[in-house]
1. When the C-alpha atoms of region 139-245 are aligned to their principal axes, what extent does each axis show, in angstrom, from largest down?
2. I need the semi-axes of the equivalent ellipsoid of region 18-129: take the C-alpha gyration tensor, multiply each eigenvalue by 5, square-root it, list largest first in whole angstrom.
3. Please rank TYR119, TYR169, fewest neighbouring Cβ atoms within 10 Å first, as an exposure proxy.
4. Can you give the charge dipole size of the chain about its Cα centre, rounded to the nearest 20 debye, using +1 on the beta carbon of Lys and Arg and -1 on the beta carbon of Asp and Glu?
5. Taking Cα centroids, how far is region 41-107 from region 142-156 in Å?
6. Which value in deg cm²/dmol, rounded to the nearest 500, describes the helix-derived mean residue ellipticity at 222 nm for the chain, given -39,500 (n - 2.57) per DSSP H run of n ≥ 4 and division by the residue count?
7. What is the Cα radius of gyration of region 18-84 over 2.2 N^0.38 Å, N being its residue count?
8. Report, in degrees rounded to the nearest 10, the 0 to 90 angle that the Cα long axis of helix 72-85 makes with the longest principal axis of the chain.
Amino acid sequence: MTTVPPVPPAGGAVARPAWQVAALRANAERAVAAMAARTGRPPDTELTGAIDWALGAGGTAPFTGTPGPADLAAEAAACSRYLRSTPYSEQAAPTISWARQIQALLEWLTGASDRPPTYGAGTQPGDITGGRGLIVRTPAEVGDMAALARTRRDSGTDPEGWASGPGWYAGVAAALEWVGGQRADPPMSHPDAHGCSHPVSAGLPEHREIARVRGQAEEHLQREFQHGSHSPAYADGVLASIRWLYGESTKPPAR
């Protein structure tokens, strides 16, 4: 059964597995230590303290300073309100940056966002979640989702109106099979490639190749440039798959 991203729990409880949270905290610790080594100053514990607070270690909320039990949803909402209501200025810049950091942390911890924050130089989101590079989904999750998309494509079933039209699941299956290394042809390739560039992948596609396919799907969907006879729903399925892979969307492309 395909793993569906968690629904944010009531009250904003932590929804991430312990090993992912541990990876995030270790990344924050390394970043703090590296900064201290560069500046010669004592390590700044604000970031790791915010993570510990979110995990129930006590203390005051990292942005609002509210005492008492950790309320992750309320703290994330306070960050959001501040960011919406505060125009940028040099004076406000440090607080704006901190609000963004705390909001990103709490939204990921609670499952409101699937893209984890990263802190250390060279760390990619996939390093935190068991994915690869910018891809936050594990190989098993990608394989399971591709298999479900093939099942939906072949059976013609669409529970709850998940797809945007005929061809959606074919686009999802093609994109995820390509990213997972099950097919070499990029999902937007087509036989009549007049002037198009759809090179076959050597190994697992990297971000540059995925970005190129994303652009091609957007061109096709917006009718700026047609890539073969793929349906609009097919291109939309490709785009939804990439957004899901990168954690930009919590909605899985197949269900």
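1. Computed over the Cα atoms, the extents are 38, 29, 22 Å.
2. Those come to 21, 18, 15 Å.
3. TYR119, TYR169
4. Values: 22 positive and 25 negative charges, 39 e Å.
That gives a dipole near 180 debye.
5. Going from one Cα centre to the other spans 40 Å.
6. Helix contribution divided over all residues of the chain: -16000 deg cm²/dmol.
7. Against the compact-globule rule of thumb, the ratio is 1.23.
8. 80 degrees
Throughout, read-outs are computed from the coordinates displayed, never taken from laboratory work. Model, not experiment: these values are computed from the prediction. Here Cβ is always computed from backbone atoms with ideal geometry, including for glycine, and neighbour counts include all displayed protein chains.
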